[in-house]
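The values are calculated or read from the model by the stated rules, or taken from the named source; none is laboratory data. Every value quoted in this text rests on a predicted model; they were computed, and no experiment measured them. Every residue, glycine as well, gets a Cβ built from its backbone with ideal geometry; the counts of neighbours run over all protein chains shown. The area values use the complete protein model at the heavy-atom level, side chains included, leaving out ligands, DNA and RNA. Shrake-Rupley method; radii C 1.70, N 1.55, O 1.52, S 1.80 Å.
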Amino acid sequence: MSNKEKEAMELSGDNVKKMDTPKPGRVTFSLAISCAAAVLGSSFQFGYNTGVINAPQNVIEQFINDTNIQRTGDPMDDSQITFLWSTTVAIFAVGGMVGSLSAGFFANVLGRKGSMLANNIVAFAGAALLGFAKMASSYEMLIVGRLIIGLNCGLNTGFVPLYLSEIAPFNLRGGVGVLNQLGVASGILISQILGLPVVLGTDRWWPLLLGLTAVPAVYQLVVLPFCPESPRYLLINKGEEEASRKSLEWLRKDTDVDADMAEMRQEYEEETKEERITVIELFKKQSLRWPLVISIIMQLSQQLSGINAVLYYSTSIFISAGVEEDTAPYVTLSTGGAIVLMALVTVPLMDRAGRKTLHLVGLGGMLLFSITLTIFLNLKDTWDGSSYISIISVMLFVISFGLGPASIPWLFVAELFSQGPRPAAISVAFMVNWLANFAVGLLFPLMQDSLGAYVFLIFAGLLVCFFLFTWKFVPETKNKSFDEISAIFKKDDKRDYKSTVEAHEQDGLL
């Protein structure tokens, strides 16, 4: 064969490769509606139930005490009330753990869309228990309701990132993935507003405040049926090529989806070459082990950063900083507003600055402001201005969280795995997320009582570890297809992870 013939064949091969590469997508009305149905119906639910328990803490603790007086004639000890209150807060994460671990199973059996729709039944059950707990004079109903709504949110933390990552064009996947965090942030802010003493955070109206968690479920049941199932799920899991094509055409508002279909078929062909992936095999299989470790550490970097200590207990933190008790719930709004603002800011940044860069900047900022918060909480009795700097430190801590750690860990898990192991990996990683969430929610009040103003130094030490791990081991995934990301971790047995990263950096993959 002549050199010219070889060059012609190579050129032809390049052209085929370009033809098979999906073209950059755009934001269509269909894509926006589908994202809104998932985010406002499910992600918002998660955020609402994360923030709703904060502001009415005092009236709910009083309800717990009054209920005990009705039953026994005696008031509870403060330690008993604190324990039941922290259990009410933290039990939400127990439900989340169970839900996240089973999310992969339901996502494969019922589909991404079908699973979200069915999960609203769980939301209604939780909302009923929360809304009628006071009427029944039962703080047990309150605790069980938090457990069930946590189950709903845990399932949603698996379904929504999976659905968003699979309906978004590769060039918009980062921005679309951040919408999950925008929904969570919006839920936190709305719950904080409604929880103010001048709105629903009162002894009379707090049951309605908690029961309003049924509203996002109603919205999703109305809107989501008009949206398509994940085209990747339809093609790869169900083998329904025509339905997958129609889903893509509806989302893209374009009939030219051959390259997208080819890319999904290629992913399917790669998957069929491998054995069926289970949770156990995620740890055994070399090419999956490091992505799973990275996913788990990323989840821990989100929850053990100290953010949930702020979201669950910011009102008490502000009080300890010297803010008047009546004013603290209003100051708490600053945390919800900061998270929403940063979620909006990071939508365009995600596919420009990159995931790894934003995560590092966010972790670094949280480290800095956790240290300044510790310093000025200790100065509150000696300098009046320390209260204001403590409040600013909390706000900047939350802003740093919103820049990267708020959304990137959720996005990363869906990006690091191909279609086959993705649901199992999401279940494991998100279970770890909820376990860490539970630990912080349950232990932070005890830690705060024991360590006082020094409690955030624990989070500062953890943030140092997470920063170093991200800098050393986490790859950049912006503007890469699932196949390109998967290729990063498909290493030879003779090459360890570090040498693989170095090799791909030289190849331009990282």
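Structure summary
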{"quantity": "Within the accessible area of the chain (1.4 Å probe), percent carbon and sulfur", "calculated": "64 percent"}
{"quantity": "Segment 222-365, accessible area per residue, ligands and nucleic acids excluded (1.4 Å, Å²)", "calculated": "42 Å²"}
{"quantity": "Per-residue ³J(HN,Hα) for segment 147-158, Karplus 6.51 cos²θ - 1.76 cosθ + 1.60, θ = phi - 60°, Hz, x for Gly and Pro", "calculated": "5, 6, 5, x, 4, 4, 5, x, 4, 5, 5, x"}
{"quantity": "Taking the chain and dividing mean pair separation by its residue count, relative contact order in percent (alpha carbons under 8 Å, at least six apart)", "calculated": "23 percent"}
{"quantity": "Neighbourhood charge, 14 Å Cβ-Cβ cut-off, centred on Ala321 and excluding it, Lys, Arg +1 and Asp, Glu -1", "calculated": "-3"}
{"quantity": "Packing-based order for 240-251, 176-187, using average beta carbon neighbours within 10 Å, highest first", "calculated": "176-187, 240-251"}
{"quantity": "Ordering of 24-31, 331-338, 401-408 by packing [mean C-beta count within 10 Å, highest first]", "calculated": "401-408, 331-338, 24-31"}
{"quantity": "Cα→Cβ-extended label distance, 7 Å offset, between Val223 and Ile319, nm", "calculated": "3.6 nm"}
{"quantity": "Length gained when the stretch Val198-Glu269 is fully extended (0.36 nm per residue, less Cα-Cα span)", "calculated": "19.7 nm"}
{"quantity": "Helix axis angle, 3-20 relative to the chain longest principal axis, alpha carbon, degrees", "calculated": "30 degrees"}
{"quantity": "Linear extension gain, Val361 paired with Ile280, 0.36 nm per residue minus alpha-carbon span", "calculated": "25.8 nm"}
{"quantity": "Sequence ranges 316-324, 356-364, ranked by mean other-Cβ count within 10 angstrom, highest first", "calculated": "356-364, 316-324"}
{"quantity": "Centre separation in Å (Cα based) which lies between segment 195-220 and segment 330-391", "calculated": "27 Å"}
{"quantity": "Inter-site label distance for Tyr454 and Gln62 at 7 Å from Cα along Cβ, in nm", "calculated": "3.6 nm"}
{"quantity": "16 Å cut-off, amide nitrogen to a point 7 angstrom out along Asp77 Cα→Cβ, residues in segment 438-469", "calculated": "446"}
{"quantity": "Label selected from [x] 71, 62, 52; [y] 88, 69, 43; [z] 95, 47, 39, the criterion being Cα extents along the principal axes in Å as computed here", "calculated": "[z]"}
{"quantity": "Set Lys113/Lys472; Lys380/Lys472; Lys23/Lys478; Lys246/Lys284 screened for pairs whose C-alpha atoms are more than 26 Å apart", "calculated": "Lys113/Lys472; Lys380/Lys472; Lys246/Lys284"}
{"quantity": "Neighbourhood net charge (11 Å Cβ-Cβ; Lys/Arg +1, Asp/Glu -1) for Asp78", "calculated": "-3"}
